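K.L.:
Got a structure for you, written out below as structure tokens; questions coming shortly.
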Amino acid sequence: MDITDSQKLQKEVVKLKEQKKIIGLVPTMGALHHGHLTLVDFAFQYCDYVIVSIFVNPTQFNNAGDLKNYPKNHQSDYDLLMSNNPNTIVFSPSVEGIYGNQVQAEEFDFGSIVQYMEGQFRSGHFNGVGTILKHLFDIVKPHKAFFGEKDYQQLALVKKLVQITGQDVEVIGCPTSRTASGLAESSRNFRLTEKQLDEAALIHLSLQKAKAAFHAEKDIQEIKTIVKSLFDASQGLDLEYFEIAAADDLVPVTQIKSDNSYRGFMAAFSGDVRLIDNIAF
Ligand code: AMP
């Protein structure tokens with residue numbers, strides 16, 4: 001089923017809820033790949049019906065060119081989702097259907113989770129993400145919503161968002177799907193050559209080396225030096241940031257406390273393609 005109209009979708013959801021079906025929501029921006037399908041399959045472990053929204057959200061782009069060039073292939077996205085699981089409902093609203101004539105991000109106080117890493121390098125992005133998800137939760141009213149750990153800051157933000165708004169939806173994180181080399185699957189990978197794809201394996205590899213150094217009780221500065229030297233020796237990859245941050249408040253740390261859990265976060269450029277990844281330490 002492919003629905004563009006919010007009211008039509010709401011009617012469908014009400015009908016399914018009356019039948020005691022569990023409804024999941026997987027928000028996406030389309031250009032779907034295998035990583036998205038693992039997220040949808042993960043959602044189907046908890047839900048009878050999964051609504052996959054496909055909406056390229058203008059308020060989360062801080063670069064007009066990026067928004068304009070964002071790949072769109074609705075028919076193949078739809079076909080992929082339907083062949084994957086026919087209990088999928090595709091919701092693809094228009095910009096006007098979501099925002100009316102006010103295409104504007106709301107300001108949220110997400111605190112420390114949006115201050116560093118992606119928050120530092122993509123200004124305004126997270127308010128745009130919060131705005132669209134608040135709208136989607138209002139329209140769809142799913143029981144559960146699923147987000148990839150690949151965008152870990154986003155996942156943390158959504159958990160915070162539902163605390164702020166009081167929306168009654170359970171937010172669930174899904175493990176990152178990776179290629180054989182360990183590279184996190186992403187629509188941006190389609191813009192890389194074979195050689196660049198090989199080189200980009202360093203992102204996950206260096207996160208793993210950092211994790212090993214972390215467990216060998218090296219100090220943070222030493223771990224950062226190890227990661228930097230791996231990138232310095234690489235061919236086509238430029239490291240934008242590498243941080244070790246507490247898994248709850250996402251504040252980068254300079255010193256480890258034994259009772260906390262941590263994750264390593266990274267962004268790197270291959271040519272003009274920006275790739276991000278993170279793992280639990
Ligand atoms: P996007 O369309 O890029 O906004 O992504 C939609 C959802 O898919 C987000 O929750 C992402 O975190 C998730 N996602 C993207 N890539 C992957 C991946 N490789 N593994 C698992 N989830 C992913």
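The values are calculated or read from the model by the stated rules, or taken from the named source; none is laboratory data. Note that the structure is predicted; figures quoted are calculated from it, not measured. Positions of Cβ are backbone-derived with ideal geometry, glycine not excepted, and every protein chain shown enters the neighbour counts. With ligands, DNA and RNA removed, areas are computed over all heavy atoms of the protein, side chains included. Shrake-Rupley method; radii C 1.70, N 1.55, O 1.52, S 1.80 Å.
K.L.:
Of Gly119, Tyr46, His135, which is farthest on the positive side of the dipole of the chain, counting Cα position, with +1 on Lys and Arg Cβ, -1 on Asp and Glu Cβ, and the Cα centre as origin?
P.N.:
Result: Tyr46, furthest along the dipole toward the positive end.
K.L.:
To make sure I understand the rule: partners must be aspartates and glutamates, Cα under 16 Å from the Cα of Lys11, and not fewer than 8 residues away in the same chain. Which ones qualify?
P.N.:
Qualifying aspartates and glutamates at Cα under 16 Å: Asp2, Asp138.
K.L.:
Which stretch or stretches of region 17-43 have amide N atoms under 15 Å from the point lying 7 Å from Lys72's Cα along the Cα→Cβ direction?
P.N.:
29-32
K.L.:
Beyond 28 Å between alpha-carbons counts as too far, so tell me which of Lys134/Lys211; Lys72/Lys150; Lys134/Lys257 fall in that bin. Please list the in-between numbers first.
P.N.:
On the way: Lys134/Lys211 35 Å; Lys72/Lys150 21 Å; Lys134/Lys257 35 Å.
Table pairs above 28 Å Cα-Cα are Lys134/Lys211; Lys134/Lys257.
K.L.:
What does the charge count around Thr176 come to, taking other residues whose C-beta lies under 13 Å from its C-beta (Lys +1, Arg +1, Asp -1, Glu -1)? Don't skip to the answer; put the middle values down first.
P.N.:
Values: positive: Lys150, Arg178, Arg263; negative: Glu149, Asp151, Glu185, Asp277.
Around Thr176, the surrounding residues sum to -1.
K.L.:
At 20 °C and 1.002 mPa s, what whole-number value in µm²/s does Stokes-Einstein give for the translational diffusion of region 104-181, with Rh from the Kirkwood sum over Cα pairs? Can you show the working numbers first?
P.N.:
Working: Rh = 13.1 Å.
My calculation gives 163 µm²/s for D.
K.L.:
Based on Cβ point charges of +1 for Lys and Arg and -1 for Asp and Glu, what charge dipole magnitude is obtained for region 179-224 about its Cα centre, in debye rounded to the nearest 20? Don't skip to the end; give the middle numbers.
P.N.:
Working: 7 positive and 7 negative charges, 22 e Å.
Around 100 debye, computed over region 179-224.
K.L.:
May I pose another question? What list of ³J(HN,Hα) couplings, whole Hz, do you get for region 258-272 from phi and the Karplus terms 6.51, -1.76, 1.60, once you set θ to phi - 60° and write x for glycine and proline?
P.N.:
Per-residue couplings from phi come out as 5, 8, 9, 10, 10, 9, x, 10, 8, 10, 8, 9, 10, x, 9 Hz.
K.L.:
Largest first, please: the extent of the C-alpha atoms of region 226-281 along each principal axis, to the nearest Å.
P.N.:
That works out to 38, 20, 14 Å along the principal axes.
K.L.:
Could you work out the local net charge near Ile54, counting Lys and Arg as +1, Asp and Glu as -1, over the other residues with Cβ closer than 15 Å to its Cβ? Walk me through the intermediate numbers first.
P.N.:
Working: positive: Lys72; negative: Asp2, Asp5, Asp77, Asp79.
Charge balance near Ile54 sits at -3.
K.L.:
Taking only Cα atoms, what is the 0 to 90° angle, nearest 10, from helix 152-165's long axis to the longest principal axis of the chain?
P.N.:
Tilt relative to the chain: about 50 degrees.
K.L.:
Once you order the gyration tensor axes a ≥ b ≥ c over the Cα atoms, which shape class does region 38-127 get: rounded for a/c under 1.5, otherwise prolate or oblate by comparing a/b with b/c? Please report the intermediate quantities before stating the final value.
P.N.:
Details: a/c = 2.05, a/b = 1.54, b/c = 1.33.
Cα axes put region 38-127 in the prolate bin.
K.L.:
Would you calculate the separation in nanometres between label points at Met82 and Ala64, each defined as 7 Å from the Cα along the Cα-to-beta-carbon direction?
P.N.:
For the pair Met82/Ala64, the computed spacing is 3.7 nm.
K.L.:
May I ask you to give the solvent-accessible area per residue for region 187-280, in square angstrom, as obtained with a 1.4 angstrom probe? All intermediate terms of the calculation are to be shown ahead of the outcome.
P.N.:
Working: 4990 Å² over 94 residues.
Per-residue value: 53 Å².
K.L.:
Convert 20 °C to kelvin, take the viscosity as 1.002 mPa s, use the Kirkwood radius over C-alpha pairs of the chain as Rh, and evaluate the Stokes-Einstein diffusion coefficient in µm²/s, rounded to a whole number. Before the final figure, lay out each step's value.
P.N.:
Details: Rh = 19.8 Å.
The estimated diffusion coefficient comes to 108 µm²/s.
K.L.:
Treating only the Cβ of Lys, Arg, Asp and Glu as charged (+1, +1, -1, -1), what charge dipole size does the chain show about its Cα centre? Round to the nearest 20 debye.
P.N.:
360 debye
K.L.:
Find how much the distance from Gln235 to Ala247 grows on full extension, using 0.36 nm per residue of separation minus their present alpha carbon separation; answer in nm with one decimal.
P.N.:
Numbers: separation 12, 0.36 × 12 = 4.32 nm, distance 3.10 nm.
Length gained, Gln235 through Ala247: 1.2 nm.
K.L.:
What figure in square angstrom, to the nearest 10, would you give for the accessible area of Arg188 with a 1.4 Å probe?
P.N.:
The accessible area of Arg188 comes to roughly 80 Å².
K.L.:
Follow-up. Over all directions, how big on average is the projection of the convex hull of the alpha-carbon atoms in region 181-272, in square nanometres? It would help to have the intermediate numbers written out before the result.
P.N.:
Numbers: hull surface 25.1 nm².
Projected over every direction and averaged, the Cα hull of region 181-272 covers 6.3 nm².
K.L.:
Using Cα pairs closer than 8 Å and at least 6 residues apart in sequence, work out the relative contact order for region 61-202, in percent.
P.N.:
18 percent
K.L.:
Who wins for biggest fluctuation among His125, His204, His135 in a Gaussian network model of the chain, springs between alpha carbons below 10 Å?
P.N.:
Per the Cα network of the chain with a 10 Å cutoff, His135 tops the list.
K.L.:
Something else now. Using just the Cα positions, wrap region 45-85 in a convex hull and report its mean projected area in square nanometres, one decimal place.
P.N.:
Average of the hull's projected areas for region 45-85 equals 4.0 nm².
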